[in-house]
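Visitor: Below is the structure I would like to discuss, written out as structure tokens.
Since every read-out is calculated from the coordinates, none of them should be taken as a lab result. Every value quoted in this text rests on a predicted model; they were computed, and no experiment measured them. With ideal geometry, Cβ positions are generated from the backbone for all residues, glycine too; neighbour counts draw on all protein chains shown.
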Amino acid sequence: MEFIAKATAVVGGAVALLRRVGAPSHQAMGASPQIPDARKQGIMTLKMPVAQGWKNGHVPTCAPGLKVNAFASGLEHPRWIEVLPNGDVLVAESKEQAGPPKTLMDHAAQATMRRAKAIGVSANRVTLWRDADGDGVAEIREVFVENQNQPFGMALIGSRFYLGNTDGIVVFDYTPDATSLTGTGQKLVDFKPHGHWTRSLIVSPDGTKIYAGVGSLSNIGDQGMEAEQGRAAIWELDVETGAARIFASGLRNAVGMAWEPTTGALWTVVNERDGLGDETPPDYLTSVQEGGFYGWPYCYWGDTVDDRVTQDAALVARAIKPDYALGGHTASLGLCWMPAGTLPGFGDGMVIGQHGSWNRSKLSGYKLIFVPFENGAPSGAPRDILSGFLSDDEKIAYGRPVGVTLGADKKSLLMADDVGDIIWRVTGA
């Protein structure tokens, strides 16, 4: 497997280098992005840095006026964070578990992903971290719940704790200040596993609904659309009745979600399709309309048709154009609303954890960024909060940003780094 990984790196590097010729010099960003015409790749560009982690006091680079410290370390592929009312911090530790490779490309991709720590044996647990002395570093660690199936999103409503496993939503009884859950939980909703496996959760402001992101099985419906039924969507669960339905669809891989307080709209970040070029199409941040269709797999950025897919003209005609482009293949996963005053120098806006690309000639993402908002909509260019996760030669990843949320003090951000195996805490300097 190591030989395949090294061979893939050599071949992939050569292909990526060739594809830099004529590659776009700008990122497709903002409300009116310049999206290059599609350039079908045939053989996918496969370029991913080797996961190294942080050594010898090396930490991410902060924006001016900020500082960063490790709130928790020694985790096993931390992906998502939930802060409880008492200030305890829950972290989902899980990893993609690859199925048997079917093609040479599958072998190559899996070998590369293992070197990047993106796939492997999953810890399948949620750990609880408590900063009892308030110094910004957790000194208490407990196993909150274990033996789950690739756990990811978490939500607490009263005395009920909801967990988004890859195969569905499970609910447990929760006692305030408890450091662990008891019992096996009750399955409420079934989701199809595999493919884009993460299942993020967010509670409606009135506490009556839970929304869950369920990504596609494949890149562009490669195994047929029947296999994609119930996927590439955001689901809605009625907490009282248990009724579940698709709230919005055509979202290839909607992960992080957040409520925008001015309009009350639900927003999400979406990972778009591969194989059409470095900036085509861009990942995006968008508000989500009930019953809305956002194009996947038939089209992107509104009605731009992907001619690799057997078309559905009616769906293309009703496809909603996203609100804000985030650049091609940035793998924007984490999302939270950050009110003005949380960090010095930053107003209202969305914070986005960009896990980082693999399907482009020059890597993108690998940052924690901020998109300013005014009157319920993005209002300017993104700003870096944390960077420096990638070496200058793009060969080494010190870390990769994933989930992000406000700290319990409302004056900090917590961000999961699944290569560094750290939860970073960002505050004013």
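Visitor: Would you mind stating whether residue 248 is among the small types (Gly, Ala, Ser) and not in a loop (DSSP other than H, G, I, E, B)?
Guide: Yes; evaluated as a whole, the condition is true for this residue.
Visitor: Looking at the range 306-360, which of the residues that are over 29 Å from residue 391 (Cβ atoms) and of a type in the set (Val, Ile, Thr) is surrounded by the fewest Cβ atoms within 10 Å (Cβ to Cβ)?
Guide: Filtering first and then ranking leaves 310.
Visitor: Another question about this same structure. Please pick out the residue among 323, 283, 278, 274 that is among the acidic types (Asp, Glu), touching a residue at least 40 places away in the same chain (Cβ under 8 Å), within 15 Å of residue 373 (Cβ to Cβ) and in contact with a Ser or Thr (Cβ under 9 Å, 6 or more places away or on another chain).
Guide: Exactly one of 323, 283, 278, 274 is among the acidic types (Asp, Glu), touching a residue at least 40 places away in the same chain (Cβ under 8 Å), within 15 Å of residue 373 (Cβ to Cβ) and in contact with a Ser or Thr (Cβ under 9 Å, 6 or more places away or on another chain), namely 323.
Visitor: Just wondering, is there one or more residues in the range 209-217 that are of a type in the set (A, V, I, L, M), touching a Gly at 6+ places or on another chain (Cβ under 8 Å) and surrounded by fewer than 24 Cβ atoms within 10 Å (Cβ to Cβ)?
Guide: yes
Visitor: Among the strands (runs of 3 or more DSSP E) lying completely within the range 383-429, list those that include at least 2 residues that are more than 20 Å from the chain's Cα centre (by Cα).
Guide: Answer list for the range 383-429: 422-428.
Visitor: Something else about it: Looking at the range 232-271 only, could you name the residues that are free of Cβ contacts under 8 Å to residues at least 40 places away in the same chain and under 18 Å from the mean Cα position of the chain (by Cα)?
Guide: 233
Visitor: Sticking with this structure for a sec: Looking only at the range 145-168, count every residue that is under 26 Å from residue 206 (Cα atoms) and of a type in the set (S, T, N, Q) and tell me the total.
Guide: The total comes to 3.
Visitor: So for the range 170-178 (the condition being polar (S, T, N, Q) and surrounded by fewer than 16 Cβ atoms within 10 Å (Cβ to Cβ)), does at least one residue qualify?
Guide: yes
Visitor: Say we look at the range 59-103 and pick out the residues that are among the polar types (S, T, N, Q) and within 18 Å of the chain's Cα centre (by Cα); which of these is surrounded by the most Cβ atoms within 10 Å (Cβ to Cβ)?
Guide: For the range 59-103, the residue satisfying everything is 94.
Visitor: What's the number of the condition residue 129 fails, among (1) surrounded by fewer than 15 Cβ atoms within 10 Å (Cβ to Cβ); (2) not in a loop (DSSP other than H, G, I, E, B)?
Guide: Result: residue 129 passes all but (1).
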